[in-house]
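Below: the structure, in structure tokens.
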Amino acid sequence: MKRYNKKHILRNILLSLIAFVLIGGLGLGLSRYRDVKSAVNSSFDPVQVAGSRDTNALLKAKKPISILLMGTDASDFNRSYEGKTDTMMVVTIDPKSEKTTITSIPHDLAVKIPGYDKSPAEISEAYEHGQAKSSITTVQKLLNVPVDYYALINISGMEKVINELGGVDITPTSTFSKDGFTFEQGVKTHMDGAKALAYSQETSSSSSGYLAHESRQGAMLAAIMHKCTSIKALMNQKFIKTLCSQVQTDMTFDNLTTIIKNYKHFTEKIDDTHISGTTKVIDGQTFEVVSQSELQRVSDFIRGGLALKTEKTGNIQY
């Protein structure tokens, strides 16, 4: 496992919603604070999952929490979005140890989605089958870990968000061309929405290519968050509404406020891992198939981040 640097995909956590929470203490006025609170709450989309932990009690007691982060590239993203997810990560935040863990889950991981007849199915199909509730249930049963919150982020919608910001600065980690744009490794580049989106969407069929793709998405989102903390951006109501229209979450503005207040050191100690499997063709479809021992390793990693004792992992993988 490696330590994440400042630009890593951790900035994906809560996205720029965190920045909006912070302005409550910047003296921008009660009216502006209410506008931002309303905009953030507009992305609120709660789910009820059997056996869920009491998240309010966890936050109040400053206990470790987990967040399921999902990304998609949807041309038509709204509250009724029912497509697949392209990226999926479980993030844990422990305020006592000031440690954060991030676990990446391959989108094509072969699983048996609870309540879904198709087997095996890609784990990315869980959202398509039953939206956030199905995704949370699948991850919980796959790894035997609790999922306290979720956030779904529309990566395609970030093009509009970036244009509202006047572009962002990103330093590519490799040299390649995509959609008519050329990116040079190590060269800091100012990108408009179209170019930044092309950068974030470059991928390949290999496992390393997928992880690089995920890292590029993180770099784009990091650039958005960095720029949106400016007073100019926060005063731009159109920008705020555009961003919140591309996010769905079961975290309210008050939840976010508490997390920022009590979990403020979550970016200081970060460990990450990813579920590693082998490629296998099943009934003509390519999947990532993972062993029980690998699931147990990942389960131990996540439960450790939540200060929970080790337990036997789930068994719904193919």
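No lab work stands behind these numbers, since they all come straight from the coordinates. None of these values were measured; they are calculated from a predicted model. Cβ atoms come from the backbone with ideal geometry, glycine included; neighbour counts cover every protein chain shown.
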Worksheet item: Where the eigenvalues come from the Cα gyration tensor of the stretch 31-85, what are the semi-axes √(5λ) of the equivalent ellipsoid, largest first, in whole Å?
Response: 24, 21, 10
Worksheet item: With Cβ to Cβ distances under 9 Å as the rule, what net charge do the other residues near T242 carry (K, R +1; D, E -1)?
Response: +2
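I316: net charge of surrounding residues, Cβ under 12 Å, Lys/Arg +1, Asp/Glu -1, itself excluded? Show your work: numbers first, answer last.
Values: positive: K112, K141; negative: none.
Taking every other residue near I316 into account, the sum is +2.
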Worksheet item: Over 26 Å between Cα atoms, which of K60/K309; K63/K84; K160/K261; K112/K133; K63/K118 qualify?
Response: K63/K84; K160/K261; K63/K118
Discussion item. Modelling each spin label as a point 7 Å along the Cα-to-Cβ direction, I'd like the R297/T273 distance in nm, to one decimal.
Written reply: 0.7 nm
Discussion item. Output needed: percent of Cα pairs per 10 Å distance bin for the stretch 71-124, bins running from 0 to the one holding the longest distance.
Written reply: 21, 34, 32, 12, 1
Fill in: Two-site label geometry, S75 and D117: point separation in nm, points 7 Å out along Cα→Cβ
2.9 nm
Worksheet entry | Gyration tensor over alpha-carbon atoms, the stretch 265-312, equivalent ellipsoid semi-axes in Å | 28, 14, 7
Practice prompt. May I ask for the net charge around P146, where only other residues with Cβ less than 13 Å from the Cβ of P146 are counted and Lys, Arg are +1 while Asp, Glu are -1?
Written response: +2
Discussion item. Which aspartates and glutamates, if any, have their Cα less than 18 Å from the Cα of K37, not counting same-chain residues under 8 positions apart?
Written reply: D45, D250, D254
